Amino acid sequence: MLGWINMVNRLAPLLWLASCSVSTHLGGKYLKRLIPMLRSYLTGDVAVRALGNRTEAPPLFMTIVFASHSPFDECLVVGSHHLASALAEAGHKVWHIGPPVTPVHVALAIKPKYRSRLLKSLRAPEQLQDNLIAMDPFSAIPWQVAKWTIPYGNLFVLSSNIATKLAKAGGLAEIDVLLVDDPRFSGLEKLLKPRAVFYRATDLYAEMKEDPKLTTAERQLLQHCSGIIGTSQPVLLHLMGLKPGLPSLQLENGVDWGHFSKPMEEPEELKGIPHPRVIYVGAVDFRFDYDVLGYMAEQIPEAHFVIIGPGKLNHVRDLGRSNIHILGPKPYQLIPGFLQYSDIGILPLVDNLANSGRSPMKLYEYGTAGLPVVARYTQELTRRAESFVSLFSSKEEAVERVINILKAKVDRKAISESCKVHSWANKISTLVEFILKTAFSPKASNEFLSDPENQPPMIKVHAASE
C-alpha cells in the first residue's frame, strides 16, 4: 500500500489536472485566480491584519477559525473538536477547517474512508451546532508535493478552496483569531488576514510523520504568530526553540468530564467478556506497542484485554491470544460505557521520540470514567505525577503494574473527581485569557476580564461540563 501511495504522490501534478474536471471549484477561473494569489503571497502583499498591533480592545465575542489536523468524525474526536465546540457554546463564532482533501483522495476513493472525505469536500460547510460551522476543503496540490515549495509559498494552502468556501459562507469578513494545530496550514494566515494567529501544536509532528519539512512549515508559520500553545512540555520547548521570545502557553489536552462521568448502561459487546477487563481505546498504529500487549495477555491469562479503535487490527489478531478482544472503532458517544464497565485503562505506547511529546486525551477520559491507568513512561507523564497513573518502562514492568492494581482496592469515584480540574471548561478559560492578553491590549484585556459583565463567555463553558 505504501508503494501505491508513493506512486500516487509522484503523479500528483497529473492528478491535479485530472481533478479539475471532478471538483466544481477548480477549472480555468480557479487557475486564473490562483496566479494573482500566488504573486501577492510571494511578494508579501497579503499581510496579517494588524500583526503586532496590541493596542485594540478585545471583542466580547470573537470570530475564530480553527485550522485542524483532523476533520469532525463520530469515532475520532480530538482536542480541536472539543475546543471549537466549547468556544461556540461560549458565544464565539467558530469555523472548524479540516485538512484539505487532495487528488490522492480522488485516486484512492475506492476505499470508504477516502471516498467519504472526498464527498464531504464537495459539500457546503456544515452547521454542527449554534456558532460552530465545519468545512472540509479541497487542495489541488497534495502536501507530499507542496512541501517542496514551502520556502517560496505553501501550494497546499494556495491551491485550496478554503478562502473561497469561507467567503461564500460569509465567514471571511472579519476574523479575529486563527488557531492552527497543523503546520501544513502555514500560509493560511496570509489569505485569511486575521487580527491574530496562534499555533497550537499537539505533537512533535516532524518526528511523528518522519517529515522534516513539517519543521520548516512550523518556522514559516511562527513568523506570523502572536503566540504559541503546546499540549505538552516537550512540544512547547520545541516551539520555543524555533521562535524564541513568543508568548507561550502550556495547555494540556482536557476531558469532557460530564460526558465520561455520566453513568451509562453496560454495552452489549462487553457483557460476554469476563472481568477483570483491561481496556485500550484509541488508534492502533505505529505508536502502539503490540509486543507489550501480547506479553501482558500471555502473563496475565485471567485478565481480558479489550481493544477499541481503528488501525492495524490484524497486527493485534496476529498475537493469537484468546483473552484479547478486538471490538474495532466505536462512536465517541458510546465510549464512556465501555470504560465504566472495565477495570484498568492502558496506554501501551512504543518508546520513541514521537510519543514523548504526546498529551494523550485518553489519560483523563480513562480517569474520569474511574479507571486506574497503566501507561508507558514518558517525561511528560512523569511530570504530571497523576496518582491514578502507574508508569512502566518495560513489558515486565507493565505486567507488574497491572497485577498490582488488580490486587488493590480502587476508589473509582476519587479518581474521577481528581480529573475534573482537567475539564475542557477550564482549558477554554485559560485559552481565552491567553488569547485576549496576547493578541490585544494587555491593559484593555485586564480591564475586560475583570469586568463581571464580560464573564459570560467563560462562565457558560464551566457550567456546560459540570
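The values are calculated or read from the model by the stated rules, or taken from the named source; none is laboratory data. These figures come from a predicted structure and were not determined experimentally. Neighbour counts run over all protein chains shown; Cβ positions are idealised from the backbone, glycine included.
Looking across ARG321, ARG358, one residue alone is outside any strand (DSSP E or B), closer than 20 Å to PHE392 by Cα and of a type in the set (Lys, Arg). It is ARG358. When restricted to residues that are in contact with a Lys or Arg (Cβ under 8 Å, 6 or more places away or on another chain) and not basic (Lys, Arg), the stretch 175-201 contains 7. Residues of the stretch 238-272 that are basic (Lys, Arg) and free of Cβ contacts under 8 Å to residues at least 40 places away in the same chain: LYS243, LYS271.
This table checks each residue for (1) closer than 23 Å to ALA217 by Cα; (2) more than 18 Å from the chain's Cα centre (by Cα); (3) buried (at least 17 other Cβ atoms within 10 Å of the Cβ).
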| position | (1), (2), (3) |
| --- | --- |
| PRO244 | yes, yes, no |
| GLN250 | yes, no, no |
| LEU270 | no, yes, yes |
| ARG277 | no, yes, yes |
| TYR280 | no, yes, yes |
| ASP289 | no, yes, yes |
| GLU298 | no, yes, no |
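Does the stretch 285-292 contain at least one residue that is part of a loop (DSSP other than H, G, I, E, B), out of contact with any helix residue (DSSP H, G or I) (no Cβ under 6 Å at 6 or more places or on another chain) and aromatic (Phe, Trp, Tyr)? Yes - at least one qualifying residue is present in the stretch 285-292.
Just checking, which of ILE415, ILE435, ILE403 is buried (at least 20 other Cβ atoms within 10 Å of the Cβ), at negative phi and at pLDDT 95 or above?
ILE415
Residues that are of a type outside the set (D, E, K, R) and more than 20 Å from ARG376 (Cα to Cα) within the stretch 292-309 comprise just one, PRO301. If the condition is being buried (at least 23 other Cβ atoms within 10 Å of the Cβ) and in contact (Cβ under 8 Å) with a residue 40 or more places away in the chain, then the stretch 176-186 contributes VAL177, LEU178, LEU179, VAL180, ASP181, ASP182, ARG184, PHE185.
If I go through the stretch 103-132 residue by residue, how many of them are among the polar types (S, T, N, Q) and at pLDDT 90 or above? So the count comes out to 3.
Residue check: ILE141 meets all listed conditions (1) surrounded by 22 or more Cβ atoms within 10 Å (Cβ to Cβ); (2) free of Cβ contacts under 8 Å to residues at least 24 places away in the same chain; (3) of a type outside the set (Lys, Arg); (4) assigned to a loop (DSSP other than H, G, I, E, B) but one, namely (2).
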